[in-house]
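The values are calculated or read from the model by the stated rules, or taken from the named source; none is laboratory data. As the structure is a computational prediction, the values presented were derived from the model and not from experiment. Neighbour counts run over all protein chains shown; Cβ positions are idealised from the backbone, glycine included.
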Amino acid sequence: MDWVHRWQQKSELSTHRFIGWLGVTTSKFYDWQARYGKVNEHNGWVPRDFWVEAWEKQAILDFHLRYPLEGYRRLTFMMLDADIVAVSPASVWRVLHRAGYLRRWNHRPSGKGKGFLQPQEPHQHWHVDVSYLNLAGTFYYLCSVLDGYSRFIVHWEIREAMTTAQVEIILQRAREKFPDAPRASSPTTGRSSSPGTSRSSSGSVA
C-alpha cells in the first residue's frame, strides 16, 4: 500500500494504473486499503457485549445444581428473580447442554445404524418384502420372501390386493418349498415352529 501511494504521488499516475501493473483486482486492492493498519485476526471471533461471560455460565451451572428438578425455562426466571444472571432461556439451554446437564439419567444408547445381525446359516431368518408394481398403469403387489443369509428369493407372488391373510398364505407356500429348513424363533413374529421372519415394505417400481 505504501509503495503504491508513494509512486502514485511521484509519477502522478492513477492508482488504477498501478493496480493493473500489480496484477490484482480493484476490489482486492481496496479491501487491503480498508484493512490497512489493522491487526490481522484471521477471521477470529470478535467478542460481543451480549455474549454470556464465563462467570455467568458458572453461575447458571451452580444454580442448576441447587435446583436440578427445574427446567431451563423456569431456571431462567428464577435466576432473574434472585438477581443471579439476566440471560435468555436459549442461553441457559446452551450452557446446560454443553455442560451435559440436560442428558437423561436413564439414557440408553441407540442401536440405530449398527446394522442388522446377520444369520449364520441359510433359512435361519426370512424377510417378507412387499413392493408396488406399475404394470400398464395398474398397480399390483409383489410379495417376496427372501433368505436373510444368502438373499435368495425363496418364494414370490404378484397379487391385486395384499392383506395379512394373503401374506401368511405366501409365507406358508415358501415353507412348503423348504420343509426341512431349520426351526428358529424370530423376535419379530415370535413363532418357534418356522424359520424366523421379518417384514418390510418398499416403494413403487415402474
Number of the exception - F139 against (1) over 30 Å from W156 (Cα atoms); (2) modelled with pLDDT under 90:
(1)
Consider P68 against the criteria (1) on the phi > 0 side of the Ramachandran plot; (2) modelled with pLDDT under 90: it satisfies all of them except one. Which criterion is unmet?
(1)
Please go through region 22-56 and pick out each residue that is closer than 30 Å to V85 by Cα and modelled with pLDDT of 80 or more.
W51, V52, E53, A54, W55, E56
Number of positions in region 135-179 that are among the small types (G, A, S) and part of a loop (DSSP other than H, G, I, E, B):
5
Hey, among the residues in region 74-90 that are surrounded by 19 or more Cβ atoms within 10 Å (Cβ to Cβ) and in a helix (DSSP H, G or I), which one's farthest from the chain's Cα centre (by Cα)?
M79
